[in-house]
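Step one of this worksheet: look at the structure below.
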Amino acid sequence: MTATTAPEAALGVLPRADGSARYSHAGYTVTASVNGPIEAQRRDEHPYEAHVDVIVRPAAGVGGTRERHLESLLQSSLSQLILVKNFPRCLIQIVLQIEDSPENDYANTKLVQASLNFGIMPALFQTSVLALLSAAVPMRATATATAVAIVLQDGTRKKVIDPSPREIEAAKSVHVLAFTSRDELLLAESEGDFTVREWDEVCEIAERVCCRSTVTKEGIEMMLDDEVADGPDTRHFLRSAVEDKVAADLHWK
Amino acid sequence: MTTTTGRPFVLPGETVDPSLVPTHKKHPLRLGPGLRHIPPSDIIPTVAGQLVTNPVKNSIWVEYNSQRYIPQPGDLVIAQIVRSTQDAYLASLSPYTASATLPQLSFEGATKKTRPMLSPGSLVYARVSLANKHMDPELECVSSATGKSDGLGPLTATAGTGTGTVFDVSLGFARRLLMARSREEGRVAVLEMLGGEEGGGLAFETAVGRNGKVWVGSESVKTVIIVGRALQETDRGGLGIEEQRRLVKRLIREMR
């Protein structure tokens, strides 16, 4: 599957939800709905802040331990973004439905249950941020995420941004990193064998992908050639996707 | 996408250019919805929208549209009575949120002996008197200063024989309907058209709640449905004035 497709997003796709978004990138398509702030169940109620509830539903079958793990990672990083202190005793519910994931050409992965891994994390993360923006949930900042894999190729260790399922399978280690719009590291999860130095390099690459601000010179957007190879300009993409939605909402102004 | 130079697009956490913040000799700066102040001097947006300023009132806020109503003091809302307690009604402002309290004595002319009887499910037009993040919101149907209702109270068709129902719209559209000059500022004229010559002079009454609810009442059920549909289609389709005129004409033609 081609992993270097440009990301696509649509906001407000579900009319009955408070906010929703559909995002597709690198073969993954995820739809998210956000409802909130709503009344929390008694057991989720927190006296001083809102409870953020993340539910990940796989494309086929029911979620398992891996989904719960991804949910807990998303939940802790999104609670940092949302201004949870503004809504005590409330619940902000985010439901992520995976619609499509890239096929592994080398293994029959069709209808395999509970085989989620870090490769899908950036898509899940990006979709939830877009859906939260569409629901106008007050947030501290926006954030972008990316996945980097270290693949052993011809004896040398190569770093791959947004790896394909095949690359993840063969990778020595896979890393997911998210950065807020103020260039702060928000999420760093890794699996596999790697050294501290490798992690530093991965972090540097991820920061370049997530925190790249488009070079603007006298109103002309300049893309340098070596930057194109670094994957999509996620931050700029997020901004333009939301800007379109806001402009459509405020057409009457 | 281009935004006009007067209203820049902002995302949560972005820094607001100090040149955009208005300054005034007398009035202090007022921050509207969608902005938060981090002492000493940072003003940071919390939602995605367009930054709007009013130099005369020295205010700045973020204009955006959403679906979920968060109560603010002074807002006019349409609430549905859920149940009654000893001295207050519990009313719902939006689905799945904590219910608001409406004291039984906060109606015009209500005393301990004569209080309005509202059954669960009935609708009231009320003002949010208290909204605090740590407490459930409180409503009132009477002005505490004058003791008059000012049009607030139970929503029933004034003619007596008529019916009414509530339609859901987005919060931004409800706000446009509530504007004093909704045609010029909010670009909605669909209600005027329905009552005017385009709509053949339909007779109906409306109440707009800031919580994204519009109550439409009329003698005939047909009129109620036409007005409600016109409002919802204008909201969802993002129609301009000319498109609203076409919509009204189409709905009237379909009714006949």
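The values are calculated or read from the model by the stated rules, or taken from the named source; none is laboratory data. Small disclaimer: the values here were computed from a predicted structure and weren't measured. As a convention, Cβ positions derive from the backbone with ideal geometry for all residues, glycine included, and neighbour counts pool all protein chains shown. SASA here: full protein model, heavy atoms, side chains in, ligands and nucleic acids out. Shrake-Rupley method; radii C 1.70, N 1.55, O 1.52, S 1.80 Å.
Which is closer than 25 Å to B:Asn65 by Cβ and either in contact (Cβ under 8 Å) with a residue 60 or more places away in the chain or over 20 Å from the mean Cα position of the chain (by Cα) (or both), of B:Lys213, B:Lys249, B:Lys222? So that I can check it myself, show each step before the final result.
Details: B:Lys249 fails: closer than 25 Å to B:Asn65 by Cβ; B:Lys222 fails: closer than 25 Å to B:Asn65 by Cβ.
Going through B:Lys213, B:Lys249, B:Lys222 in turn, just one is closer than 25 Å to B:Asn65 by Cβ and either in contact (Cβ under 8 Å) with a residue 60 or more places away in the chain or over 20 Å from the mean Cα position of the chain (by Cα) (or both): B:Lys213.
B:Leu191: over 30 Å from B:Gln104 (Cβ atoms) and crowded, with 21+ Cβ neighbours inside 10 Å, yes or no? The answer is yes for B:Leu191. Residues that are of a type in the set (Ser, Thr, Tyr), within 24 Å of A:Pro88 (Cβ to Cβ) and part of a loop (DSSP other than H, G, I, E, B) within segment B:82-124 comprise B:Thr85, B:Ser94, B:Tyr96, B:Thr97, B:Ser99, listed in sequence order.
Table: residues versus (1) open to solvent by 80 Å² or more (accessible area, probe 1.4 Å); (2) at the interface with chain A (Cβ under 10 Å from one of its Cβ atoms).
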| site | (1), (2) |
| --- | --- |
| B:Leu11 | no, yes |
| B:Thr15 | yes, yes |
| B:Gly32 | no, no |
| B:Val47 | no, yes |
| B:Asn65 | no, yes |
| B:Arg68 | no, yes |
| B:Leu93 | no, no |
| B:Ser106 | no, no |
| B:Lys112 | yes, no |
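If the condition is being assigned to a strand (DSSP E or B), within 10 Å of chain B (Cβ to nearest Cβ) and out of contact with any Phe, Trp or Tyr (no Cβ under 8 Å at 6 or more places or on another chain), then segment A:119-151 contributes only A:Met139.
Residues in segment A:4-38 that are of a type in the set (Ser, Thr, Tyr) and under 19 Å from A:Gln93 (Cα atoms): how many?
Counting residues in segment A:4-38 that are of a type in the set (Ser, Thr, Tyr) and under 19 Å from A:Gln93 (Cα atoms) gives 4.
Taking segment B:132-218 as the region of interest, the strands (runs of 3 or more DSSP E) fully inside it that hold 3 or more residues being among the hydrophobic types (A, V, I, L, M, F, W, C) are B:213-218. Suppose the filter is under 19 Å from the mean Cα position of the chain (by Cα) and modelled with pLDDT under 95; does B:Gly13 pass it? Considered against the rule, which asks whether it is under 19 Å from the mean Cα position of the chain (by Cα) and modelled with pLDDT under 95, B:Gly13 comes out as no. Evaluating A:Ile205 against the criteria (1) outside any helix (DSSP H, G or I); (2) more than 14 Å from chain B (Cβ to nearest Cβ); (3) at pLDDT 85 or above; (4) open to solvent by less than 60 Å² (accessible area, probe 1.4 Å) leaves one unmet condition, (1).
Would it be correct to say that B:Gly201 is more than 22 Å from B:Tyr125 (Cα to Cα), modelled with pLDDT under 95 and touching a Gly at 6+ places or on another chain (Cβ under 9 Å)? Break it down into steps so the answer makes sense when it comes.
Numbers: more than 22 Å from B:Tyr125 (Cα to Cα): yes; modelled with pLDDT under 95: yes; touching a Gly at 6+ places or on another chain (Cβ under 9 Å): yes.
The answer is yes for B:Gly201.
Is it true that A:Glu45 is within 12 Å of chain B (Cβ to nearest Cβ) and at pLDDT below 95? Considered against the rule, which asks whether it is within 12 Å of chain B (Cβ to nearest Cβ) and at pLDDT below 95, A:Glu45 comes out as yes.
Restricting attention to segment A:77-105, and to residues there that are open to solvent by 60 Å² or more (accessible area, probe 1.4 Å) and more than 14 Å from every other protein chain (Cβ to nearest Cβ), which single residue is modelled with the lowest pLDDT?
Going residue by residue through segment A:77-105, those that are open to solvent by 60 Å² or more (accessible area, probe 1.4 Å) are A:80, A:85-86, A:89, A:97, A:99-100, A:103, A:105.
Remaining after also requiring more than 14 Å from every other protein chain (Cβ to nearest Cβ): A:97, A:99-100, A:103, A:105.
Values: A:Gln97: 95, A:Glu99: 91, A:Asp100: 86, A:Glu103: 72, A:Asp105: 58.
Looking at the filtered set, the residue picked out is A:Asp105.
Residue check: B:Ala88 meets all listed conditions (1) without any contact (Cβ under 8 Å) to a residue 24 or more places away in the chain; (2) open to solvent by 30 Å² or more (accessible area, probe 1.4 Å); (3) out of contact with any Lys or Arg (no Cβ under 8 Å at 6 or more places or on another chain); (4) more than 14 Å from chain A (Cβ to nearest Cβ) but one, namely (2).
In this structure, does A:Ala171 turn out to be surrounded by 20 or more Cβ atoms within 10 Å (Cβ to Cβ) and more than 14 Å from chain B (Cβ to nearest Cβ)?
Details: surrounded by 20 or more Cβ atoms within 10 Å (Cβ to Cβ): yes; more than 14 Å from chain B (Cβ to nearest Cβ): yes.
Yes.
Filtering B:Thr223, B:Thr234 for residues that are more than 14 Å from chain A (Cβ to nearest Cβ), hydroxyl-bearing (Ser, Thr, Tyr) and in a helix (DSSP H, G or I) leaves a single hit, B:Thr223. Any residue in segment A:152-161 that is modelled with pLDDT of 90 or more and not in a strand (DSSP E or B)? No, segment A:152-161 contains no residue that is modelled with pLDDT of 90 or more and not in a strand (DSSP E or B). Being within 11 Å of chain A (Cβ to nearest Cβ) and free of Cβ contacts under 8 Å to residues at least 60 places away in the same chain: is that true of B:Met179 here? So B:Met179 passes the test. Is one or more of the residues making up segment B:53-62 under 25 Å from A:Ser240 (Cβ atoms), open to solvent by less than 10 Å² (accessible area, probe 1.4 Å), part of a strand (DSSP E or B) and within 10 Å of chain A (Cβ to nearest Cβ)? There is at least one residue in segment B:53-62 that is under 25 Å from A:Ser240 (Cβ atoms), open to solvent by less than 10 Å² (accessible area, probe 1.4 Å), part of a strand (DSSP E or B) and within 10 Å of chain A (Cβ to nearest Cβ).
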